[in-house]
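The values are calculated or read from the model by the stated rules, or taken from the named source; none is laboratory data. If you're wondering where the values come from, they're calculated on a predicted model, not measured in any experiment. In this analysis, Cβ positions are derived from the backbone assuming ideal geometry, glycine residues included, and neighbour counts consider all displayed protein chains.
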Amino acid sequence: MISKFLSGDGPRSRILAGMLAAIFVALALAPFLFPGTRPLDVAARICVFVLLVASYDLLLGYTGIVSFAHTMFFGIGGYGVAIALSKLDVGWSAIALGAAAAVAVSLVLSFLIGLFSLRVKAIFFAMITLAVASFFAILASQLSDITGGEDGITFKVPELLRSRNAAYYMVFGMALALFLALLRAVNSPFGRVLLAIRENDFRAEALGYRTVIYRTLANCLAAVVATLAGALYALWLRYTGPNTTLDFGIMIDILLMVVIGGMGTMYGAVIGATIFVIAQNYLQDAMKAFSEAMKGVPLLPDLFHPDRWLLWLGVLFVLSVYYFPHGIVGQLRARSKR
Amino acid sequence: MVPRGELTMLLGRNGAGKTTALRTIIALWRASAGSIRFESNDIASWQTPTIADLGIAYVPESMGIFAGLTVRENLMLAARRGPPDEARLDWIFRFFPPMKKFWHLPAGLLSGGQKQMLSISRAIVEPRKLVLIDEPTKGLAPAIINNLIEALGELKKTDTTILMVEQNFHAARSLGDSVAVMDAGRIVHSGRMADLAADDALQNRLLGLSLEAHQ
Amino acid sequence: MTPAVVPRTDWIPPALLLAIALGGLALIGNPSTWVTLSVAGLAMGLLIFIMSSGLTLVFGLMDVMNFAHGLFIAVGAYVAASVMKFLSASVDSESFLVNLGALAPAMLAAAAVAGLLGLFFERVIIRPVYGQHLKQILITTGGMIVAEQLIHVLWGPDLLPLPRPATLRGSFLIGDMAIEKFRLVAVVLGLAIFAAMLLLLNRTKIGLLIRAGVENKEMVEAMGYRVRRLFVAVFVAGSALAGLGGALWGMYQESVTVAIGANMMVLIFIVIIIGGLGSVGGCFVGALLVGLVANYVGYLSPKIALGSNILLMVIVLLWRPQGLYPMNKQ
């Protein structure tokens, strides 16, 4: 039964299943298990980023496309909702309108990008997405009348979402639903074709699958989910700005999460996002303690300074690309096969 | 077995693996099994530049000339042991006059036949031990083909071993001393060219059609 | 600077450059402002050229795109800052020769350290992933993250000042035109480096090998040359140049932050895409275009200045999808 729920794509490893179950329970019961604003905020971020990273896994892990424009779609979702709620009457229709408009824009953009992606080499494509994302970020900070410029937009949310717990469960519920939808998509015939294209696009084309169409569809699907994730994030924070959505640092974070968690597995997004967000919030305290303890030793205190947590994740990332291409999930699955 | 000092023709139907054989010798593609021996070295695992250093030159089907470089620069690059010997250059100019005419012009301006001349000139600008040539006459006008045959005939007079893939029967018969026929990646016949040329039935069996029809 | 299979050197892109310069004059109106902006544009463009030429050659030769290239720029800038700080007495002296005694070591150190880092990078990070484009992009991005953090560790997170040598501060005043001394030096240096590169590429055997290798490296190998070694040499040279460019750029900005490299990367990508991946000449024209456009638009319409270069790239790609001087690869 659970198997059907997960579209037949189970964890395939006891440890992994255990971890996923633990994460699921922790997230589902977060308001009760971890009272307090900060833990709940962490939980909500995990939900949002699991979704965002999963949508990126669809692009990178399943279709084999490296795009640096993913944060752009994340931002479009956030700004869509923010602009709607700040310019129109606060209410569910505003949210719906904002989200719909954002999704529409994302669809168009991702469609165009998708058409472009087949004509050019992967490296060229990656560079272009970098330029496009950067252009969008510039637009967002320059058109301050609409977007609030560097400061972003703070807005009010409808009655129902004013309660932290209610807002949290909306985020959790939507993230869960969309994640399962993605799982369904990658395990469908569509998903299998994507994998075939990733392995050998020439052969896939020869077999009769128009790779342009599939790549474009994957692009669009990933973009739409990212947009919705952005909308959820904005609703949770009640704020959208360039530094919460469009910052290149976030793009890097996504890359780290998807590779360390495990590319092409979907569950990698869950593991990666959880580890990352927790590290972002709690690892720094641990590092600080270690760094203070190491005072006097040359270099070590600086290497373990709490702000340098990204260094270690970066090292883990590089090692993962070389040695563990399927990340933690891949390792766990390989282990359980023995 | 490619006899030293002779010109061996490598024949076979399309897809028989002739180009593959040449490319594998010069290690542009890797052999998955077996060994390749050259003069007393097993070169199957060697790198391409090291193999070329032994004195092996390669003239690919696509000619591989550097379009942005001048004819002169193309030849300078090919002459590894220093500037080309005057006598050699005269030799080249005699058989391939366009080389002199386009000396300082980008090789990309050359016509197909002229590019082929350049490609071969590069291979012979210095003495080589082994020259691998892949379908040099492909797509060329008959007059140019004759030119090529003459030049290669001259080359044979030096102590250079040549292994040539060719579909053109006339060229094959006039130049080949020995012959090897491939099918599906294996050599199915080897022997003297003269014998094969005289035996229509054998030709038919090995190549599907007689060599005559390959014109 | 290998033209595609066209008989004459393609003069349209340089003509375009001239057109933009003149267009700028027309739009700006005031000649002395135009001169100031143009010098600034040329200086910026040439510095970008120095920083990006290595990257485009490396890509043309070995199909490797190093997304961490900005790292060499940053390291160069930081090393220069440290050296200049150490020799601050010489930096502040009013004698040009004494200044040179600080400037030269700073530039050399920047280039040398960046070059060494390049050697390490090629061997450890890039070599294992030749030919695997996906992994290359990921690995070099990851390398950049780690390296940026290491810079933080070694030099701290704060902005470091990178002063110009005393004799190169301020401007020359000609009539009512003010031309910054340092910018002029940057222009001269940039042109000198470009000239040197052209000489190397067109008159030396190594240059010949590089040009041939960009077109068809398989054939070069079949002729007996070790293209691998050539690639390492070009990579190291490109990194050293990036380091030098970073040092000069830091002086242009008069300060250095960790993001100096990353900030340049988008611009550098735009430049090499406009120029045509693999073409040094294209990179030169592209860099000057970007420099001029950035400065003219920055003056005429500051709001769209930041995005103007990306628009420029889109326009160029619509005209020539492979860049100004496309590589004709076999």
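Select, from A:W309, A:W236, the only residue that is part of a helix (DSSP H, G or I), over 13 Å from the mean Cα position of the chain (by Cα) and at pLDDT 90 or above.
Details: A:W309 fails: at pLDDT 90 or above.
From the options A:W309, A:W236, the qualifying one is A:W236.
Here's the yes/no breakdown for (1) closer than 22 Å to B:I56 by Cβ; (2) crowded, with 21+ Cβ neighbours inside 10 Å; (3) at pLDDT below 85:
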site: B:S111; (1), (2), (3): no, no, no
site: B:M117; (1), (2), (3): yes, yes, no
site: B:R122; (1), (2), (3): yes, yes, no
site: B:V131; (1), (2), (3): yes, yes, no
site: B:P136; (1), (2), (3): yes, yes, no
site: B:T158; (1), (2), (3): yes, no, yes
site: B:M164; (1), (2), (3): yes, yes, no
site: B:S174; (1), (2), (3): no, no, yes
site: B:G185; (1), (2), (3): yes, no, yes
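Starting from the range C:233-259, keep only residues that are on the phi > 0 side of the Ramachandran plot, then list their pairs with residues that are surrounded by fewer than 23 Cβ atoms within 10 Å (Cβ to Cβ) whose Cβ atoms are within a distance under 8 Å, requiring at least 6 positions of separation or different chains.
C:E254/C:P161; C:E254/C:P163; C:E254/C:R164
Of the conditions (1) assigned to a helix (DSSP H, G or I); (2) more than 21 Å from the chain's Cα centre (by Cα); (3) within 13 Å of chain C (Cβ to nearest Cβ); (4) not basic (K, R), A:E292 clears all except one; give me its number.
(3)
Just wondering, is there one or more residues in the range A:141-148 that are away from every other protein chain (no Cβ under 14 Å) and among the hydroxyl-bearing types (S, T, Y)? Give the derivation first.
At the first step, the residues of the range A:141-148 found to be away from every other protein chain (no Cβ under 14 Å) are A:148.
Next cut, among the hydroxyl-bearing types (S, T, Y) only: none.
Checked against the condition, which is being away from every other protein chain (no Cβ under 14 Å) and among the hydroxyl-bearing types (S, T, Y), the range A:141-148 yields no hits at all.
Evaluate the following for C:P163: is it more than 14 Å from chain A (Cβ to nearest Cβ), over 30 Å from B:L132 (Cα atoms) and part of a loop (DSSP other than H, G, I, E, B)? Write out each step before concluding.
Details: more than 14 Å from chain A (Cβ to nearest Cβ): yes; over 30 Å from B:L132 (Cα atoms): yes; part of a loop (DSSP other than H, G, I, E, B): yes.
So C:P163 passes the test.
Could you tell me whether A:L194 is touching a residue at least 12 places away in the same chain (Cβ under 8 Å) and either surrounded by fewer than 20 Cβ atoms within 10 Å (Cβ to Cβ) or within 14 Å of chain C (Cβ to nearest Cβ) (or both)? Reasoning before the result, please.
Details: touching a residue at least 12 places away in the same chain (Cβ under 8 Å): yes; either surrounded by fewer than 20 Cβ atoms within 10 Å (Cβ to Cβ) or within 14 Å of chain C (Cβ to nearest Cβ) (or both): no.
It is false that A:L194 is touching a residue at least 12 places away in the same chain (Cβ under 8 Å) and either surrounded by fewer than 20 Cβ atoms within 10 Å (Cβ to Cβ) or within 14 Å of chain C (Cβ to nearest Cβ) (or both).
Name the residue that is surrounded by the most Cβ atoms within 10 Å (Cβ to Cβ), counting only residues in the range A:296-315 that are under 15 Å from A:L255 (Cα atoms) and in contact with a Gly (Cβ under 9 Å, 6 or more places away or on another chain).
As a first pass, look at the range A:296-315 and keep what is under 15 Å from A:L255 (Cα atoms): A:310-315.
Cutting the leftovers down to in contact with a Gly (Cβ under 9 Å, 6 or more places away or on another chain) gives us A:310, A:314-315.
Details: A:L310: 20, A:G314: 23, A:V315: 15.
Only one residue tops the list, namely A:G314.
Okay, residues lined up against (1) surrounded by fewer than 24 Cβ atoms within 10 Å (Cβ to Cβ); (2) within 25 Å of C:A195 (Cα to Cα):
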position	(1), (2)
C:L46	no, yes
C:G54	no, yes
C:F59	yes, yes
C:L71	no, no
C:V83	yes, no
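Which one is surrounded by the fewest Cβ atoms within 10 Å (Cβ to Cβ), of the residues in the range C:125-150 that are more than 10 Å from every other protein chain (Cβ to nearest Cβ) and in a helix (DSSP H, G or I)?
Looking at residues that are more than 10 Å from every other protein chain (Cβ to nearest Cβ) and in a helix (DSSP H, G or I), I get C:R127.
Within the range B:73-114, can you find the residues that are away from chain C (no Cβ under 13 Å) and in contact (Cβ under 8 Å) with a residue 40 or more places away in the chain? Please lay out each step first, then the result.
Just the residues of the range B:73-114 that are away from chain C (no Cβ under 13 Å), to begin with: B:84-101, B:103, B:113-114.
If the condition is that a residue be away from chain C (no Cβ under 13 Å) and in contact (Cβ under 8 Å) with a residue 40 or more places away in the chain, then B:P84, B:D85, B:W91, B:F95, B:F96 are the ones that fit.
Could you say which residue among B:T70, B:T24, B:T50 is free of Cβ contacts under 8 Å to residues at least 12 places away in the same chain and either away from chain C (no Cβ under 12 Å) or farther than 22 Å from B:K138 by Cβ (or both)?
On the way: B:T70 fails: free of Cβ contacts under 8 Å to residues at least 12 places away in the same chain; B:T24 fails: free of Cβ contacts under 8 Å to residues at least 12 places away in the same chain.
The unique qualifying residue is B:T50.
Name the residue that is modelled with the lowest pLDDT, counting only residues in the range B:5-26 that are among the basic types (K, R) and either more than 14 Å from the chain's Cα centre (by Cα) or buried (at least 23 other Cβ atoms within 10 Å of the Cβ) (or both).
Pass one, the range B:5-26, residues among the basic types (K, R): B:13, B:18, B:23.
If we keep only those that are either more than 14 Å from the chain's Cα centre (by Cα) or buried (at least 23 other Cβ atoms within 10 Å of the Cβ) (or both) too, we end up with B:13, B:18.
Numbers: B:R13: 78, B:K18: 84.
So, considering only residues that are among the basic types (K, R) and either more than 14 Å from the chain's Cα centre (by Cα) or buried (at least 23 other Cβ atoms within 10 Å of the Cβ) (or both), the one modelled with the lowest pLDDT is B:R13.
Taking the condition buried (at least 17 other Cβ atoms within 10 Å of the Cβ), within 14 Å of chain A (Cβ to nearest Cβ) and touching an Asp or Glu at 6+ places or on another chain (Cβ under 6 Å), does C:V153 pass?
Yes; evaluated as a whole, the condition is true for this residue.
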